[in-house]
Structure formats: C-alpha cells, structure tokens
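Comments concern the structure below.
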Amino acid sequence: PAKAKRLLLSQLFQPLNLQGEAEGDGGPGEPTCRSQKLMLQGGLIHPSGPGCYHYLPPTVRAMEKLVKVIDEEMRAVGGQKLNMPSLSSAELWRASGRWDQMGPELFRLADRHGKGYCLAPTHEEAVTELVASQVNLSYRQLPLRLYQVTRKFRDEPKPRFGLLRSREFYMKDMYSFDTSEGAALQSYELVSDAYRSLFQRLGLPFVRVRAAAGSIGGTLSHEFQLPAEVGEDRLLLCPEGHFAANVETLNGEQTSCPTCRGKLTQTKGIEVGHTFYLGTKYSSVSNAVFCSPGNKPQLAEMGCYGLGITRILAASIEVLSTEDSIRWPSLIAPYQLCFIPPKKGSREEEEGAVLLEQVYEDLAQALPHLAGDWVLDDRTQMTIGKRLKDANKLGYPYVVVAGKRICEDPPVFEVWSQNTGEALFLTKEGVIELLSKVQVP
C-alpha cells in the first residue's frame, strides 16, 4: 500500500502571525472582536476589501465539514439539494416588492442589454418562480423541501467583526412548499428541530428566540442565537427556559416571563440561523400552485430557513475560544491532530522520527477515515515547547508529541487533548485507541 501522505505545516498555505497583533482590516480605530483577531493571526482568513475575505485552506476544510454535517441534518428532514444562480432578475424582485424595500442593501447591476439584476442576498423569489414553472405539480409531490449552500451578497453599510458581518458570505437556505398551513407549520418545526440537532452536535450554547420577520416577511419567525458579548442582537431570556425573544419583537418594556413571572435576563447574541413561516406571500406573486385532491389549483404554503455557514465558523470561535487560543467545535476542526517530532539535534531526534513514521502508518491503517486529518509540525529548528504553544493557539483537538519519553521501552508519546486541557502519556496502541473515538463528518 502507498505510504500515508505527510501533510507538513511548513507547506500549508496558512500565513501564521501568532506572535504579533493581527492587523485590523478596517480603518484605524475600527472595533475588532476575538474571532476576527484569532482568524487573522491563525492564517484562516485574509481581508481582500471591506467586508470581503479570502478563506484560506484550513477555513475551507472546516467549512466543508460543517456543510457535510448540515447536509446530514437536511437529508434527515427530506431536504433536496439544488443550486440557484447568484444573479437574480430585477423583475422578480419588483414583482415581490422587495426591489425597492431592500434599498441600498442590494448589490444591483445591469447587463450589456440594460436588463437589471441583483446579487442575491436570499432566494425566495427565485425558488418560488422555479416551483411555479412546474405546471403539473400534484399534492402528492408535496412537501417539497429544497435547499442550497451558496455565496450570498449584502451591501452592508458598516461591515465589521470579520466573518460575523461581511458583504459576501456563505449561507444554507432551505425553502419548503406544503399543501396547507398545518402542513407548513409541521415543516417549520421539523427544520427547527434539525437546527437544534446541528447546534447540539457542534456543542454550541445556542438559544432559540422569537424574532421579527423583517424584509423576508411572513407571520412567524425565530432566530437561533449564540449568546456573546460582541453580538449585535439584544435578547431577553427566562432563566427557566419558558420564554426567549429578540428585544425588537417586544412592545415596550417587558421584564418578567409571561409563563412563570420570573425576571427576564438580558444578553447579547450572534444570530446564526433564522426560520420563517411565509404562508402564501411569495407563492401568490409567482402563482406557485399545486393540484389539490379535488383537482383544483391551490397556492403552496411556504417556509424558509437560513443558516449562516461562515458566520457559524466565526461565531463558534468567538464563543469557544480563549483570548489567544482558537477552539473549534471538535467535529469541524480543520485538522483533528498535530504531530510534533523531536527538535533537530536532540538526543531523541532519530528515534522519534522513526517512531512517528510508524505511528503515521499504523494510524492510517487502523483509522483510514482520519488519514487526511493530521498535520506534522516539521519546524524542527524550534523547541517542542514553542511548537506546542503554537498548536495550542491553532486549536487542533489533539497534539501528539514525540518528546523525551520516546526513548523508553515501550516508547511513550505525550498527547494533549486541547478541548479538555489534559496531557496523557500513551504508547502507540494507546494513541490509536484514543483517536479511534474521534468523529469526523
């Protein structure tokens, strides 16, 4: 069999600036937040213009893992994945009334024939037109739950906080089409439960709150929020969990829970998901109808559901990390494992290199699903301590060090579990057994 491929830290396109202060990407005095600083210092993102970023290879890996987990949750609720154009016709948006309603947030452009378009921030109009074009749609084909993961565009007046509020970002958006209001509300709860499951699997401390429908519209709306100081939404929460709302939905000052009368606590949150029950707001405009059991055309009842993909990555780092060390949700960490060989010229150098080679091969055979998920920190001119410090800052869930005890019989590796902060001393078999519990999407 071919040797397991070595992924060397020195060859990764991940420009580290772990010592220095990360340059803010706004003007002087621009506020920055923990996730933005850590992502810039860790070589995860690089600014290309106001509110726009290069996502560097580790970030793309984390994003692809997150999308895999989202795909699992969406398939479990009958989601079918498609992909719609980013260029959306102005006529569609005029028909729904949102061409004017959205104001300067829409990136607008015209083609060479003078036809107007926008770069879509969301796809209600497009997906409704798509479903409306299916002239023989039967009630037997519903519910339809269509979703995509694409780049979205919003001309933010003040993009800030890195990927938390940018002008170009990735989003998962799902649109449901049902036969009745009751069925549409079932879809709404089903997708909401899938969102709960996603955030639980990621180990993120989320809260679901009542929310305003905003420019998307509809009569029922909830946000999934990660409580965080840097959050731009103000939330009111019942300590017993009976009530949770975004302050913007409340009339006047509400201070006590309507259920238990307990005092509501206020916190800030980062919105990472949003669900809307739309009714026939869009289906009536595009005439998205299906054939009812009585053979009559009937308007589909709709819902829409968004997850900010790149925002979830940044918000995860924001709420899980320390001031100077990244912590990822283990499931979506770009790499699960970092190997640190002995320092060049040390007594252990030769033996350590041979033993690490052996661990590589044995791990690749025993745990093939992890084979592309480890990095070797080959900067052997640096001390083990310095490389261990860098590994801690970059947030690999596990770090395997070939240190002084590598020369014992049997050889012993020092293994750091970053998310628990504990160090274990394990033989090669112990390392394999520990890593066999690691989950990757």
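The values are calculated or read from the model by the stated rules, or taken from the named source; none is laboratory data. Quantities reported herein were computed from a predicted structural model and do not represent experimental measurements. Every residue, glycine among them, receives a Cβ derived from its backbone with ideal geometry; neighbour counts consider all protein chains shown. Protein only, heavy atoms only, side chains kept; ligands, DNA and RNA dropped before computing areas. Shrake-Rupley method; radii C 1.70, N 1.55, O 1.52, S 1.80 Å.
Things to note:
- Solvent-free Debye calculation, one equal scatterer per alpha-carbon of region 246-377: log10 I(q)/I(0) at 0.09, 0.11, 0.16, 0.18 Å⁻¹ equals -0.66, -0.79, -1.04, -1.13.
- Helix axis angle, 349-366 relative to the chain longest principal axis, alpha carbon, degrees: 40 degrees
- Its DSSP H runs of at least 4 residues, each contributing -39,500 (n - 2.57), put the calculated 222 nm mean residue ellipticity of the chain at -8500 deg cm²/dmol, to the nearest 500.
- Dipole magnitude of the chain, debye to nearest 20 (Cβ charges: Lys/Arg +1, Asp/Glu -1, about Cα centre): 500 debye
- Region 341-422: translational diffusion in µm²/s, Stokes-Einstein, Kirkwood Rh over Cα pairs, 10 °C, 1.306 mPa s: 119 µm²/s
- Protein accessible area in the chain, 1.4 Å probe - carbon and sulfur %: 51 percent
- 1.4 Å probe accessible area per residue over the chain, in Å²: 46 Å²
- Prolate/oblate/rounded call for region 25-136, Cα gyration tensor, a/c under 1.5 rounded: oblate
- Cross-linked pairs LYS344/LYS404; LYS37/LYS389; LYS65/LYS158; LYS68/LYS428: Cα-Cα separations exceed 19 Å for LYS65/LYS158; LYS68/LYS428.
- For region 295-441, the Kirkwood hydrodynamic radius from C-alpha pairs, put into Stokes-Einstein at 20 °C and a viscosity of 1.002 mPa s, yields a diffusion coefficient of 126 µm² per second.
- If R0 is taken as 41 Å, the Cβ-Cβ distance between ALA110 and SER180 corresponds to a FRET efficiency of 0.50.
- Region 34-320: C-alpha gyration tensor shape, a/c 1.5 cut-off, then a/b vs b/c: oblate
- Farthest positive-ward along the chain dipole, Cα basis, beta-carbon charges - from THR427, VAL375, GLY269: GLY269
- Point-to-point label distance, LYS268-THR383, nm (Cα→Cβ direction, 7 Å offset): 3.8 nm
- Of all lysines in the structure, those lying under 16 Å Cα to Cα from LYS152, and not within fewer than 8 positions of it along the same chain, are LYS172.
- Degrees between helix 384-394 axis and first principal axis of the chain (Cα, 0 to 90, nearest 10): 0 degrees
- In degrees, nearest ten, helix 57-76 long axis to first principal axis of the chain (Cα): 50 degrees
- Gyration tensor verdict on region 318-385 (Cα atoms; rounded if a/c is under 1.5, prolate if a/b is larger than b/c, oblate otherwise): oblate
- Sequence-separation-based contact order of the chain, relative, with Cα cut under 8 Å and 6+ spacing, percent: 16 percent
- Inter-label distance, GLU91 to GLU408: 7.5 nm, where each label sits 7 Å from its Cα along the C-beta direction.
- Two-site label geometry, CYS260 and SER138: point separation in nm, points 7 Å out along Cα→Cβ: 5.0 nm
- Modelled FRET efficiency - R0 35 Å, ASN251 with GLU72, Cβ distances, 0.05 increments: 0.30
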